[in-house]
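Bear in mind these aren't lab numbers, they're just calculated from the coordinates by the rules spelled out. Model, not experiment: these values are computed from the prediction. Don't worry about glycine lacking a Cβ; one is built from the backbone with ideal geometry, like all the others, and counts go over all protein chains shown.
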Amino acid sequence: MNALVVYYSEFGNTKQVADAIAQTCRASGSVREISADKLEASDVNNVDLLVFGTPTHMANQPKALSLVLEDLPKGILKGVRVAAFDTSFNMNWFVNLFTAAKPLNRKLRQLGGKQIVPPKSFFVADKQGPLCKGEIERAKNWAKNILTQYKCFPDPKQVT
Ligand SMILES: Cc1cc2nc3c(=O)[nH]c(=O)nc-3n(C[C@H](O)[C@H](O)[C@H](O)COP(=O)(O)O)c2cc1C
């Protein structure tokens, strides 16, 4: 496995979740972790798993992250298994439907990525954090689920 974990983070909470995911994934192969503002198309070369995280801003991904994603060439994630997450407030089931992981997941799929798990939210207690109690553990468990799906899922390059 050659994984890349990318995060966009203003106050460090999304990075903390990304760190926990990267740490868990390292048990199964090579994992690089980078901030989205440093992401270049070449970073995705030879990557077969991309986990991407963003904070939720106004029920969407931050504008700055959308611009980074817009810059990536069409089809760049062809053959890459993808998983998207966000950090957001845990409000109620209805508001929780409108978090950034969903549009981010859609964008990763538009770029050719093969979704292997549903998009996931991790919760912060306040705008600048901290993460709610137990969220790092939940992130590690989500990463284990990603690894399981990664192994089960047929290589997207071989799926016609
Ligand atoms: C401009 C702005 C808009 C936000 N809008 C939302 C929102 O619509 N829904 C939500 O759950 N959290 C919202 N938040 C809270 C963020 O989700 C929170 O700041 C983020 O999870 C922190 O992650 P970070 O430390 O990685 O930046 C907003 C925060 C900012 C700064």
Per-residue [θ]222 nm for the chain (sum of -39500 (n - 2.57) over DSSP H runs n ≥ 4, rounded to 500): -9500 deg cm²/dmol
Links that overshoot a 25 Å alpha carbon limit, given the list 63/144; 15/140; 74/127; 15/120: 63/144; 74/127
Cα-projected label distance for residue 57 with residue 42, points at 7 Å along beta-carbon direction, nm: 2.8 nm
Within straight-line cross-link reach of residue 151, aspartates and glutamates at Cα separation under 16 Å, skipping those fewer than 8 residues along the same chain: 48
Footprinting exposure proxy for 124, 51 (fewest neighbouring C-beta atoms within 10 Å first): 124, 51
Square roots of 5 times each gyration tensor eigenvalue, C-alpha, the range 2-158, largest first, Å: 23, 17, 14
